[in-house]
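These notes are about the structure you will find just below.
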Amino acid sequence: ALIKRFGTPALFLTLNPLDVSHPLVGTLGHLLPGVWQAMSPCEQSLFVAKNPAAASQFFHMMMSQFLKIVVIHSYQSSGLF
């Protein structure tokens with residue numbers, strides 16, 4: 001009843017955008033999707049380690065979309081909050 005009346009005191013989220021094996025990282029790193037899919041998980045991890053800008057862009061894109069979908073601060077209807 002307290003949460004319903006006053007809201008939650010804090011909300012903690014653990015987010016893991018899975019940047020090591022997501023195909024979008026390869027695309028942002030200028031790889032063709034077929035090349036990314038042909039790589040082993042170890043090769044994908046090495047690619048991400050050698051291309052931190054692609055991983056950073058991927059993380060930014062995922063977090064921006066998460067905020068738009070969950071928080072929906074820029075729309076008329078309310079989101080999760």
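Readers should treat all values here as calculations from the given coordinates under stated rules, not as data from a laboratory. Since the model is a prediction, treat every value here as computed from it, not as a measurement. Positions of Cβ are generated from backbone atoms using ideal geometry, with glycine treated the same way; all protein chains shown enter the neighbour counts.
Figures for the structure shown
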read-out: S40 paired with I3, simple spin-label distance in nm, labels 7 Å along Cα-to-beta-carbon; value: 4.5 nm
read-out: Between segment 1-30 and segment 37-67, the Cα center-to-center distance that results, in Å; value: 16 Å
